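Written below as structure tokens is the structure these notes are about.
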Amino acid sequence: MKRYTLVLFLWLVLTPQWVHAQESSRTFGIGFSGFVKTDFFMDTRQTVSSREGHFLLLPAAENMDARGEDINGAPSFNFLSIQTRLTGAITAPDAFGAKTSGVIEADFFGNENAAFVDANGFRLRHAYAKLSWENEELLVGQYWHPLFIPKCFSDVISFNTGAPFQPFSRNPQLRYTHTHAPMLFTFAASAQRDFTSPGGSTAQRNAALPALHALAQFEEADAASKRALLAGIGGGYTTIRPLLFTEKGANKFAADETVGAMSATAYFLWRNKDVAFKVQGLYGENTFDLTMLGGYGVASVTDSARNSVVYTPLTTVSAWSECIWYLESLQLALWGGYTQNLGAADRVLTFSNKSGGTDVTTRGADIASMWRLSPRIVYTSGKMSFALETEYTVAAYATRDAAGVLQRDEKGVVTASKDVANLRVLFAATLRF
């Protein structure tokens, strides 16, 4: 009995020491990387953008003065270094039988909303911890939205990363991935933080439901030859609650109406050492939080005494594609994107010019469609690169009839439009470390 007690005692004492010795052979801590980047850009007209014009979305609509001249036809330029980024890659001892890692990433792009502008502010981009088993992975923290595919995204120089044609959002989330080579399955529950639906992050929080997404991906890669084939499909559902109460005169009434929105995507990548081809398409409702066109409107007033309403989401379809040629230290590429406003499934009160309800809460409600063409050239030597890129973006804005009313039907589909274009020329210098 004493012998067994001694063995047990030695096992309890020595096992943690052995594990510590095994782990001490690995290096734990944080390693930093990132880049210093300066962008010089010029636009041929005023734009719809953020961060002092840095994050370009689309050309601004015509705004005629008393003489019939377009006020928004004026050009502009800017020099900015606020995209400069710092990334900390964390390694830690094993936990729960899994390899543990994490990332903290920030830049100087600031946070911006209607009440506060901080163009040079140090802001959080990514912050997550990850547990990796042999065939499973659990990520907890802030990371790319599940519809943004890190292995298949627009590799443009512009910080918009293809928005509003490509989904662009970072979200606090819980993400589980199971790998059964060559297939990979991902399931995620996420919240909104920096990229939100109309009404801010409280609109989703008050719905008391996270956004739910699932993806299935096929991947084959050969690191030696730099060959890769990637294809995937995915989708999700998001619910928001725009209002907690409505008002009628001096009275307030509790409101529980929500807006549900589905989304679906498909993507494909093929690459070797000389060329890469990427394409992604998305069909979605209320894609405002993905920095795309879309939103929601009021479909009907259910109780005029309380101003109670029913909402309807606007639907957007988009696609982008990119081809990159690698020529030793030189990179040539051509990027193109298209997006269209498909309107709502139901009548939107504002569009039918009926009284009651509220206006559409959306991005690009007066736009029928948009397209962009963006060629670029990048020269790299060591850790330094210089890039020249142009973005030619055309938005088809709804025209007005003789009475000054935008020409669109009751579901929000633009019926007559006029193209408005902007050309951005961008030169970027980047030092990576």
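The values are calculated or read from the model by the stated rules, or taken from the named source; none is laboratory data. Since this is a predicted model, take the numbers as computed values, not measurements. All Cβ positions, glycine included, derive from the backbone under ideal geometry; neighbour counts span all protein chains shown. Surface areas here come from the heavy atoms of the whole protein model, side chains and all, with no ligands, DNA or RNA. Shrake-Rupley method; radii C 1.70, N 1.55, O 1.52, S 1.80 Å.
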Problem set entry | Of the criteria (1) open to solvent by less than 60 Å² (accessible area, probe 1.4 Å); (2) out of contact with any strand residue (DSSP E or B) (no Cβ under 6 Å at 6 or more places or on another chain); (3) farther than 30 Å from PRO59 by Cα, which one HIS180 fails | (1)
Seminar exercise, completed: When restricted to GLY249, GLY284, GLY232, the only residue out of contact with any Asp or Glu (no Cβ under 9 Å at 6 or more places or on another chain) and either surrounded by 14 or more Cβ atoms within 10 Å (Cβ to Cβ) or within 26 Å of THR362 (Cα to Cα) (or both) is GLY284
Exercise. Does ALA61 count as buried (at least 16 other Cβ atoms within 10 Å of the Cβ), at pLDDT 95 or above and hydrophobic (A, V, I, L, M, F, W, C)?
Worked result: yes
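Whether any residue in segment 398-406 is part of a strand (DSSP E or B), free of Cβ contacts under 8 Å to residues at least 12 places away in the same chain and in contact with a strand residue (DSSP E or B) (Cβ under 7 Å, 6 or more places away or on another chain) is what I want to check. Walk me through how you get there before you give the answer.
Taking segment 398-406 as the starting set, the residues that turn out to be part of a strand (DSSP E or B) are 398, 400, 406.
Next, only the ones that are free of Cβ contacts under 8 Å to residues at least 12 places away in the same chain stay: 400.
Subset that is in contact with a strand residue (DSSP E or B) (Cβ under 7 Å, 6 or more places away or on another chain): 400.
There is at least one residue in segment 398-406 that is part of a strand (DSSP E or B), free of Cβ contacts under 8 Å to residues at least 12 places away in the same chain and in contact with a strand residue (DSSP E or B) (Cβ under 7 Å, 6 or more places away or on another chain).
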Exercise. Residues GLY337, GLY404, GLY412: which one is closer than 23 Å to ASP43 by Cα and small (Gly, Ala, Ser)?
Worked result: GLY337
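Looking at this structure, is GLU257 within 30 Å of TRP325 (Cα to Cα) and open to solvent by 30 Å² or more (accessible area, probe 1.4 Å)?
Numbers: within 30 Å of TRP325 (Cα to Cα): no; open to solvent by 30 Å² or more (accessible area, probe 1.4 Å): yes.
Against the criterion (within 30 Å of TRP325 (Cα to Cα) and open to solvent by 30 Å² or more (accessible area, probe 1.4 Å)), GLU257 does not qualify.
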Exercise. Are there any pairs, at least 6 apart or on different chains, whose C-beta atoms fall under 8 Å, with the first in segment 255-273 and among the polar types (S, T, N, Q) and the second open to solvent by 60 Å² or more (accessible area, probe 1.4 Å) and not in a strand (DSSP E or B), and if so, which?
Worked result: ASN272/LYS226
For this session: Look at segment 201-228 and say how many of its residues are within 18 Å of MET262 (Cα to Cα), surrounded by fewer than 17 Cβ atoms within 10 Å (Cβ to Cβ) and touching a Leu at 6+ places or on another chain (Cβ under 9 Å).
Result: 1
Problem set entry | Count of segment 59-116 residues which are over 23 Å from PHE41 (Cβ atoms), part of a loop (DSSP other than H, G, I, E, B) and of a type outside the set (Lys, Arg) | 8
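Every residue, every condition in (1) outside any loop (DSSP other than H, G, I, E, B); (2) more than 25 Å from GLN166 (Cα to Cα); (3) out of contact with any Lys or Arg (no Cβ under 6 Å at 6 or more places or on another chain), yes or no:
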residue: GLU257; (1), (2), (3): no, yes, yes
residue: PHE277; (1), (2), (3): yes, no, yes
residue: VAL301; (1), (2), (3): yes, yes, yes
residue: THR312; (1), (2), (3): yes, no, yes
